[in-house]
1. Hey, can you tell me all the residues within the stretch 47-59 that are in a loop (DSSP other than H, G, I, E, B) and closer than 28 Å to residue 206 by Cβ?
2. Just checking, how many residues over the stretch 132-152 are in contact (Cβ under 8 Å) with a residue 40 or more places away in the chain and either within 18 Å of the chain's Cα centre (by Cα) or under 15 Å from residue 198 (Cα atoms) (or both)?
3. Do you know which residues across the stretch 181-194 are under 18 Å from the mean Cα position of the chain (by Cα) and more than 17 Å from residue 83 (Cβ to Cβ)?
4. For the stretch 20-46, name all the residues that are surrounded by 13 or more Cβ atoms within 10 Å (Cβ to Cβ) and part of a helix (DSSP H, G or I).
5. When you go through 95, 79 one by one, which is the residue that is part of a helix (DSSP H, G or I) and buried (at least 20 other Cβ atoms within 10 Å of the Cβ)?
6. Quick one: which of 171, 162 is modelled with pLDDT of 95 or more, crowded, with 21+ Cβ neighbours inside 10 Å, under 21 Å from residue 116 (Cα atoms) and more than 15 Å from the chain's Cα centre (by Cα)?
7. Considering only residues that are surrounded by fewer than 24 Cβ atoms within 10 Å (Cβ to Cβ) and part of a helix (DSSP H, G or I), which ones fall in the stretch 198-222?
8. What's the total number of residues in the stretch 98-107 that are assigned to a helix (DSSP H, G or I) and under 17 Å from the mean Cα position of the chain (by Cα)?
């Protein structure tokens, strides 16, 4: 169970958000995650996980990660699922397992933690800018694009519910092209969609976190200038080997 005991905020009144993605629990030994969570406890007031909590989306993987989270973490956790969490077709049970353990799993909804608002969806793919896939031609193509549109509408609904001064958006797929640059060009359309950027432009969003692009770039911005952070754990470990998480300080409070 995630502990209800939460550390005090920083003396200056900010909340420290630790962000990461792509844990892929089941791929690594349990010991791999201990230093990651120890760093979260030492440096943050809340942890956000941007998808791919499990490696194959199996219920036993989710249960294994929950045991480690319950033992090792002392801060609240907010998460969205990723494509790997859907692989086994057990995504509902996986999400329920995390929620039962106290993790705020968002799927088109929002939550307030320490006075900070979090809105989250998995997102989907389709490409970026003028070359993004459009809903034209075969029924299969139209359904593919509609999945991205549906995820976009869910994100917009979640953001609309937030009334907090600081609003954080969580996705698994990227809403901008800048943070997936460096990946093989053939797979760029499958790493995100600029459609997901649309609600981020309509609402006052403090920052956006996503994962999925293990070989992308750590930072980008929306066309409005909102910072977008790729917090894929393999990327973070490669760029900053001494650190496993991204820390962002925002306005908030401990109630």
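1. Just the residues of the stretch 47-59 that are in a loop (DSSP other than H, G, I, E, B), to begin with: 51-53, 55-58.
Those that are in a loop (DSSP other than H, G, I, E, B) and closer than 28 Å to residue 206 by Cβ: 51, 52, 53.
2. First, the residues of the stretch 132-152 that are in contact (Cβ under 8 Å) with a residue 40 or more places away in the chain: 132-133, 148-149, 151-152.
Now narrow it down to the ones that are either within 18 Å of the chain's Cα centre (by Cα) or under 15 Å from residue 198 (Cα atoms) (or both): 132, 148-149, 151-152.
The qualifying residues number 5.
3. Passing the criteria: only 194.
4. Within the stretch 20-46, 30, 32, 33, 34, 36, 37, 38, 39, 40, 41, 43 meet the criteria.
5. 95
6. Values: 171 fails: more than 15 Å from the chain's Cα centre (by Cα).
Exactly one of 171, 162 is modelled with pLDDT of 95 or more, crowded, with 21+ Cβ neighbours inside 10 Å, under 21 Å from residue 116 (Cα atoms) and more than 15 Å from the chain's Cα centre (by Cα), namely 162.
7. Those that are surrounded by fewer than 24 Cβ atoms within 10 Å (Cβ to Cβ) and part of a helix (DSSP H, G or I): 198, 199, 201, 202.
8. Total meeting the criteria: 2.
The values are calculated or read from the model by the stated rules, or taken from the named source; none is laboratory data. Small disclaimer: the values here were computed from a predicted structure and weren't measured. Quick reminder, even Gly has a Cβ in these numbers, built from the backbone with ideal geometry, and neighbours come from all protein chains shown.
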